[in-house]
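Single-structure report; data block below.
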């Protein structure tokens, strides 16, 4: 059986930060990432970060990922596996099972675990939402910014939070026309600076509106939007838009299957967008060997994910008796 | 059986092709937890293991039953969290 001091599950901003921090205290670290590349959502983020300079404000997301990978490569005590998914945690003996590239299966017994499994995109139900052309905003961003593929010609964006606004702007940069942004709330959820940018380019933002139907036989050829009342029920005139992509940016939910499997105490916190593991200020869950960091601990953003990862990393090291730099 | 509306035909669980109409029909029969619906409809049992549909199903249960989402059992989570080929498991894994 493979063994490791600290296993980090997920190689996004939280996981990379946790791994680097634990490694800096001399812990033997194993990091698994289900995607083909490390970096998580950072690798598709072409915009500059906000916030504090200490948290890399002013730097573009994919550059932050490069900086984290550079830091990690300075440690000889970190093993990373990409295309490798942790598929189970077995509380009886603390073993984690992993599948790598679909056909390699292995078990590993870590002393401590940091769950940095990120989030999944939410969907909303509407007729024909199964048609090709209905995408999550994350998928659109991956196609454009990671693979260089233009997803279509004309898009309806659903959701005016930061993701919806930023991805709309990036779609325009890629030569895609944004027919409009619908937002169910009565105000824009994202930063004004992002909203102003797309408004200046002439993109209409329809507040208190939602998508009520996708149009098309084999794939999306249009979308119908409608105003909604205080109880989010569609009312009034239906407006048809001629689009070939419907992009959903309606929020994220923490990915926490492994935390449930481990029997961690879970609490439903609407502000964190769903069930999350109860944890202390050091990001340690109710399970003494399991920590959580990043969106898996509640939906926030990459800057907080990196801080949480650092805290979890140093805390695992401390729990292993390695809490000080030599 | 009444004529199916467009709403009824919305696909909620894309992996197992379970529609909103089917989910509503079973919730109204009293199957008002995620696990019960999973057993009768296979909702959430496909490759994504409920990542896409669990929230939608819980919201629908909440809407019909009047329970808060936080009061509805979200279902059991068991390994594996993604499909693993039987042959790969049968080989027993690499114990390096």
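The values are calculated or read from the model by the stated rules, or taken from the named source; none is laboratory data. Note that the structure is predicted; figures quoted are calculated from it, not measured. Neighbour counts are summed over all protein chains in view; Cβ atoms, including those assigned to glycine, are modelled from backbone coordinates with ideal geometry.
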In region A:2-26, anything part of a loop (DSSP other than H, G, I, E, B) and at negative phi is listed as A:11, A:12, A:25
Only unsatisfied item for residue A:130, checking (1) modelled with pLDDT of 95 or more; (2) under 26 Å from residue B:13 (Cα atoms), is (1)
When every residue in region A:250-270 that is out of contact with any strand residue (DSSP E or B) (no Cβ under 8 Å at 6 or more places or on another chain) and part of a helix (DSSP H, G or I) is compared, the one nearest to the other protein chains (Cβ to nearest Cβ) is A:257
Out of (1) within 14 Å of chain B (Cβ to nearest Cβ); (2) at pLDDT below 95; (3) in contact with a helix residue (DSSP H, G or I) (Cβ under 7 Å, 6 or more places away or on another chain), the one residue A:191 does not meet is (1)
Exactly one of A:35, A:54 is closer than 30 Å to residue A:194 by Cα and in a helix (DSSP H, G or I), and that one is A:54
Turns out the helices (runs of 4 or more DSSP H) fully within chain B with at least 3 residues that are under 14 Å from residue A:125 (Cα atoms) are B:20-28, B:54-65
Across region A:220-231, the tally of residues that are more than 16 Å from residue B:10 (Cβ to Cβ) and in contact with a strand residue (DSSP E or B) (Cβ under 9 Å, 6 or more places away or on another chain) stands at 6
Scanning region B:78-96 residue by residue, those buried (at least 18 other Cβ atoms within 10 Å of the Cβ) and within 19 Å of residue B:14 (Cβ to Cβ) turn out to be B:81
Counting only residues that are over 18 Å from residue A:51 (Cα atoms), under 24 Å from the mean Cα position of the chain (by Cα) and surrounded by 18 or more Cβ atoms within 10 Å (Cβ to Cβ), region A:185-204 contains a total of 2
Conditions (1) within 9 Å of another protein chain (Cβ to nearest Cβ); (2) surrounded by fewer than 20 Cβ atoms within 10 Å (Cβ to Cβ) -> residue B:42 fails only (1)
